[in-house]
1. Could the peptides 40-53, 127-140 be put in order, highest first, of the mean number of other beta-carbon atoms found within 10 Å of their residues?
2. How much FRET efficiency would the formula 1/(1 + (r/R0)^6) give for K28 and S190, where r is the Cβ-Cβ distance and R0 is 35 Å, rounded to 0.05?
3. So if R0 is 25 Å, what FRET efficiency would D109 and T143 give, r being the distance between their Cβ atoms, rounded to the nearest 0.05?
4. Sequence neighbours fewer than 8 away in the same chain don't count; with that in mind, list the aspartates and glutamates whose C-alpha is under 12 Å from K255.
5. What is the set of long-range amide H partners of V273 at a cut-off below 5 Å, with H atoms built 1.01 Å from backbone N?
6. Please give the FRET efficiency for I135 paired with D256, using the beta carbon to beta carbon distance and R0 = 56 Å, rounded to the nearest 0.05.
7. How big is the gap, in Å, between the Cα center of segment 104-170 and the Cα center of segment 38-64?
8. For segment 82-149, give the magnitude of the charge dipole about the Cα centre (Cβ charges: +1 Lys/Arg, -1 Asp/Glu; no others), in debye to the nearest 20.
Amino acid sequence: MKQDLRVLAAAGTLSLALTAADAAFAQKAGGILKISHFDSPASMSILEESTAAALRPMMGVFNNLVMYKQDVPQASMRSIVPDLATSWSENEEGTELTFPLRQGVKWHDGKPFTAGDVRCTWDLLSGKASEKLRINPRKSWFTNVEEVTTNGDYEVTFHLKRPQPALLALLASGWSPIYPCDVSPRDMRSHPIGTGPFRFVEWVTRNPDYWKEGRPYLDGIEWTIIKDVGTRMLAFIAGKSDLYSPYGVTIPLLKDIKKQAPQAICEVTATNVNRTLIINRDKPPFDNPDLRRAMSLTLDRKAFIDIIGEGQGDIGGTMLPPPEGVWGMSLDMLKTLPGYDPDVAKNRAMARTSWRSSATDPTSGSRSSFRRATSPRIAIRRSS
């Protein structure tokens with residue numbers, strides 16, 4: 001069974017689809033991009049959701065204060081650019097982050113965007129607002145934010161409990177959109193109002209009043225929700241979609257697609273998705289750190305890469321390792337940590353298991369996940 005959800009692609013996914021093709025495809029305005037999607041969003045409210053099922057379609061409805069530049073292949077602190085903000089600055093102590101805001105931006109209902117909307121968004125996230133989010137999966141992201149204050153209609157300041165350079169990276173994430181003050185969280189779940197390039201009606205249509213000149217290129221994006229991987233793949237091969245959802249494509253499936261649709265443009269790229277073993281560290285017998293360490297040592301990470309990914313994957317820590325990742329650690333970097341055990345390395349049971357330090361030892365900290373190996377991400381687009 002399939003459903004149509006006509007909403008905009010998550011900005012990162014859309015950028016990958018466009019820039020992977022020839023320049024003419026990216027520059028040509030108009031048309032509907034058809035994408036097969038892996039699941040139906042539980043709601044349309046990004047602040048209340050925690051999966052890409054909602055994030056990808058709904059990102060284009062909203063804007064952030066800042067964002068990762070979409071034509072840069074690798075997201076990093078250096079690739080963050082203004083979005084609804086025009087710039088940012090911090091005080092000498094690093095405890096205040098101030099954003100001048102764009103003027104003349106309108107919400108999709110025609111009301112002006114102001115600094116009050118930014119303050120209301122963080123009141124929602126912190127639980128200070130009179131109305132509450134039904135669920136608040138990223139409240140912990142902003143526990144260091146004491147308050148957000150406004151200076152007139154077009155400037156906001158984030159007051160921090162202590163310096164936090166990484167806050168800007170959180171604000172640039174697709175999970176940090178700005179919500180309007182006068183629309184309730186309940187209504188945002190079913191009929192979101194944003195400032196983005198596409199407006200949500202019965203489906204998302206091109207926003208003719210979008211404040212970024214010349215954008216968006218497309219008239220719209222049509223997402224067809226097909227949960228079954230095989231059906232989704234066959235729909236792409238048959239020409240029913242222009243872009244295949246990058247999740248759920250294995251290397252063997254990729255080879256099959258290239259065989260049946262030789263005109264398809266296929267690319268294997270890295271993503272920060274790990275094969276993960278998760279246990280409850282508070283429940284016996286998993287409350288025993290020696291047992292958890294033994295479990296982690298038994299995992300043959302290279303075998304996962306060699307067999308499941310046919311050699312296309314990386315061993316690393318929690319974050320995506322370089323060169324694709326900015327903040328992660330490669331296997332060579334992990335070997336330099338104190339206590340690295342070469343005997344464990346010979347047994348190929350590496351990556352967060354063969355050293356002891358508070359930052360990397362799986363027996364310490366509050367999380368109970370062991371990262372096995374990084375999976376490749378595959379983006380496929382039908383050529384024009």
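1. Ranked by mean Cβ neighbours within 10 Å, highest first: 40-53, 127-140.
2. Efficiency for this residue pair is about 0.55.
3. Working: r = 32 Å, r/R0 = 1.26.
E(calc), rounded to 0.05, equals 0.20.
4. E267, E310
5. Amide H neighbours of V273, under 5 Å, 5+ apart: S375.
6. Numbers: r = 38 Å, r/R0 = 0.69.
E between I135 and D256, to the nearest 0.05, is 0.90.
7. Distance between centres, Cα-based: 18 Å.
8. With only Lys, Arg, Asp and Glu charged at Cβ, the dipole is about 500 debye.
The values are calculated or read from the model by the stated rules, or taken from the named source; none is laboratory data. The structure presented is a predicted model; accordingly, all values stated were derived computationally and were not measured. Glycine gets a Cβ as well: all are built from the backbone with ideal geometry, and neighbour counts include every protein chain shown. Only protein heavy atoms, including side chains, enter the accessible area calculation; ligands, DNA and RNA are left aside. Shrake-Rupley method; radii C 1.70, N 1.55, O 1.52, S 1.80 Å.
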